[in-house]
Amino acid sequence: MTMSDAARPVIHLPARDIPVPASVSPEAQAVLALGKAGPPHRWPASPLPTVDDSDGWRAMIAAHEASVLELFAQFGDVMAPTGDSLVEIDLGGFPVYLVTPEGVSADDRRVYLDLHGGAWTLGSGPMCRATAAITAATVGARVCAVDYRMPPDHPFPVPLDDCLAAYRALLREHRPEEIVVGGVSAGGNLAAALILRARDEGLPLPAAVVLNTPATDLTMAGDTWETNLGLDVVLTANALPAAQLYAGGHDRSHPYLSPLFGDLAGFPPTLLLSGTRDLLLSDTVRMHRALHTAGVPAELHVFEAGGHGMFLGQAPEDRAHAGEIRRFAESHWAASNRS
């Protein structure tokens, strides 16, 4: 029997100022000093609509995507892959983007299945292609980015169905050991759920999984949903309305919605990343403990003072974060080549 929110004991803390820590790089300190910097650096930019306000969600999504694309424009061509580096494939209702970074040969069999974040509502189209380019540069391998359909028009299970369809398509061209699956935030939720769904449907599993600040418990019971609220300069509000919108009336504790509660036995080797100011730190560390308990090889890296977006790519810590992802993916691709 679980205790209702109203009945749970609470600890009352006095209002206090939290200093920017001296334990991180000057660049990281500068990002933290921005605080709730406003769009496009934070989400949400305004109060979230109610679950039944589809027009409100569409307006919020359009406004946020416009502000983020304006930010992306500052980063040049790497944010907008074109020509031979980008191939768009229609999988029947949604596209996937194959992005090949410079220096990767045509016969390189490695592929990273990238599931974008964005609270199940953001990150489509140009944003998906842009994040695919960043991921490809990070891992140094070909990326298949899934532009999955999203709420309010396409709630669960449609986004997960699309991710599974993309994984099936990759399996027609690749051995499973050539594939690494990864996702950030909501994409981390989809990546973990994809593994459970693929296993349940009898599909072979990929070489490894990267869960970058994943949302693994959509009941949002984790401690840092409360303790880090206001400290995370990117994810600045409880995302419960977005989780409810995505769930579409389904039980949010179902393992395909909250992979933390699934049977994790046989899960591929997993890398999990978060930061001490990340609103989803609890979801990340709880998933790591659950994987460890299930006997799954799992690494956890928690970065000092890092929030949901780390330090917006501006600090040495961001480069170390990306380096861990590349090291992990390369090690499992190399292991598959030796087998």
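Contact annotation: no residue pair with Cβ atoms under 7 Å, 6 or more positions apart or on different chains, pairs a residue in region 303-329 that is under 18 Å from VAL139 (Cα atoms) and β-branched (Val, Ile, Thr) with a partner that is at pLDDT 95 or above and in a loop (DSSP other than H, G, I, E, B). In the set (1) more than 17 Å from the chain's Cα centre (by Cα); (2) free of Cβ contacts under 8 Å to residues at least 40 places away in the same chain; (3) on the phi < 0 side of the Ramachandran plot, the condition left unmet by GLY202 is number (3).
Against the list (1) of a type in the set (Asp, Glu); (2) under 19 Å from HIS308 (Cβ atoms); (3) touching a residue at least 24 places away in the same chain (Cβ under 8 Å), the condition GLU226 fails is (3).
For (1) buried (at least 21 other Cβ atoms within 10 Å of the Cβ); (2) hydroxyl-bearing (Ser, Thr, Tyr), each residue gets a yes or a no:
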| site | (1), (2) |
| --- | --- |
| ALA186 | yes, no |
| VAL209 | yes, no |
| THR236 | yes, yes |
| LEU257 | yes, no |
| PRO269 | no, no |
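Filtering region 122-141 to residues that are over 16 Å from the mean Cα position of the chain (by Cα) and part of a helix (DSSP H, G or I) leaves PRO126, ALA137. Going by what's in this entry, would ALA215 be described as assigned to a helix (DSSP H, G or I), touching a helix residue (DSSP H, G or I) at 6+ places or on another chain (Cβ under 6 Å) and surrounded by 17 or more Cβ atoms within 10 Å (Cβ to Cβ)? No: the conditions fail for ALA215. Of the residues making up region 70-85, those that are touching a helix residue (DSSP H, G or I) at 6+ places or on another chain (Cβ under 6 Å) and either at pLDDT 80 or above or assigned to a helix (DSSP H, G or I) (or both) are PHE72, VAL78, MET79. The residue pairs whose first member lies in region 1-29 and is part of a helix (DSSP H, G or I) and at pLDDT 90 or above, whose second member is surrounded by 10 or more Cβ atoms within 10 Å (Cβ to Cβ) and of a type in the set (Asp, Glu), and whose beta carbons are closer than 7 Å, counting only pairs six or more residues apart or on different chains, are ALA28/GLU317. Residues in region 154-169 that are under 19 Å from GLU88 (Cα atoms) and crowded, with 20+ Cβ neighbours inside 10 Å: PRO159, ASP162, CYS163, LEU164, ALA166, TYR167.
Taking GLY202 as the residue in question, decide whether it is within 22 Å of TRP57 (Cα to Cα), of a type in the set (Gly, Ala, Ser) and either in a loop (DSSP other than H, G, I, E, B) or in contact with a strand residue (DSSP E or B) (Cβ under 8 Å, 6 or more places away or on another chain) (or both). So GLY202 does not fit the description; no.
Quick one: which of GLY323, GLY307 is within 20 Å of THR135 (Cβ to Cβ), touching a Lys or Arg at 6+ places or on another chain (Cβ under 8 Å) and not hydrophobic (A, V, I, L, M, F, W, C)?
Only one candidate passes the filter, namely GLY307.
Within the bounds of region 142-162, is there any residue that is at pLDDT 95 or above, in a helix (DSSP H, G or I) and within 15 Å of PRO259 (Cβ to Cβ)? Yes, because at least one residue in region 142-162 is at pLDDT 95 or above, in a helix (DSSP H, G or I) and within 15 Å of PRO259 (Cβ to Cβ).
The values are calculated or read from the model by the stated rules, or taken from the named source; none is laboratory data. All figures in this text were calculated on a predicted structure; none of them were measured in a lab. Note that we place each Cβ from the backbone using ideal geometry, even for glycine, and neighbour counts take in every protein chain shown.
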